[in-house]
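Undergrad: Dropping a structure here in structure tokens format, bear with me for questions.
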Amino acid sequence: MLTASLGVRSLPKGTSFSRRAARVLGAGCASALMLIGFVPQADAAWISGNVRLNLRSGAGNDYRILGSLETGDEVEVLERGKRWTRIRSSDGTVGYIPGGYLEDSAPAAVRAKQLEAEVAELTNRLNSTQSEAETLRTQNEALSGNDSTQENEIDRLTLENAELKAGARWPEWITGAFILSTGMALGAILRGLAGRGRRQRIKL
């Protein structure tokens with residue numbers, strides 16, 4: 001019987017046909033995968049050799065072409081078979097390509113482009129860092145200039161304040177001098193009057 005050849009035990013009487021069919025189908029799929037030799041695997045790989053490969057919908061040349069891959073293209077390996085490999089391309093398309101055209105490391109040309117891109121990125125970062133440093137230096141110089149200007153302004157305001165204070169006391173000084181001179185004049189007049197009175201008393 002088919003079930004026996006596929007390693008499925010005979011089901012007891014009364015079991016529905018759908019359950020029997022499901023078990024037979026599952027066993028058949030497992031056996032087919034073992035015969036084809038596909039082993040589930042997911043890792044990165046690159047197309048090697050100077051080739052242009054068709055990405056097909058199935059493991060065979062009769063299947064529909066989904067796209068194409070060229071040397072250096074990076075793919076994700078989903079299943080490896082004896083003759084065909086199931087992969088996912090960089091745009092997300094899943095299909096099959098002939099085996100033997102993949103290598104686990106990027107080709108020299110791809111690595112060179114990657115290094116060039118990394119060098120360009122590092123150069124841009126360096127230029128950006130230098131630009132930021134120059135901006136900070138300019139800002140620091142501007143702040144230093146502002147500090148010097150502020151110090152000069154503080155000195156000027158301090159001097160003006162002292163001058164204003166001195167100018168504000170001039171009226172006080174004038175008033176004091178006027179009062180002092182007036183007092184001295186009154187004192188002289190009073191002393192003169194007192195002396196004249198004494199002389200008059202002496203004459204009498």
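Undergrad: Is it the case that segment 152-163 has a residue that's under 30 Å from residue 70 (Cβ atoms) and of a type in the set (Lys, Arg)?
TA: no
Undergrad: When you check residue 133 against the structure, is it modelled with pLDDT of 80 or more and surrounded by 10 or more Cβ atoms within 10 Å (Cβ to Cβ), yes or no? So that I can check it myself, show each step before the final result.
TA: Numbers: modelled with pLDDT of 80 or more: yes; surrounded by 10 or more Cβ atoms within 10 Å (Cβ to Cβ): yes.
The answer is yes for residue 133.
Undergrad: Condition check: out of contact with any Gly (no Cβ under 7 Å at 6 or more places or on another chain), of a type outside the set (Asp, Glu) and modelled with pLDDT under 85. Does residue 114 satisfy that? Full working, then the answer.
TA: Details: out of contact with any Gly (no Cβ under 7 Å at 6 or more places or on another chain): yes; of a type outside the set (Asp, Glu): yes; modelled with pLDDT under 85: yes.
Yes; evaluated as a whole, the condition is true for this residue.
The values are calculated or read from the model by the stated rules, or taken from the named source; none is laboratory data. All values reported here derive from a predicted model rather than from experimental measurement. With ideal geometry, Cβ positions are generated from the backbone for all residues, glycine too; neighbour counts draw on all protein chains shown.
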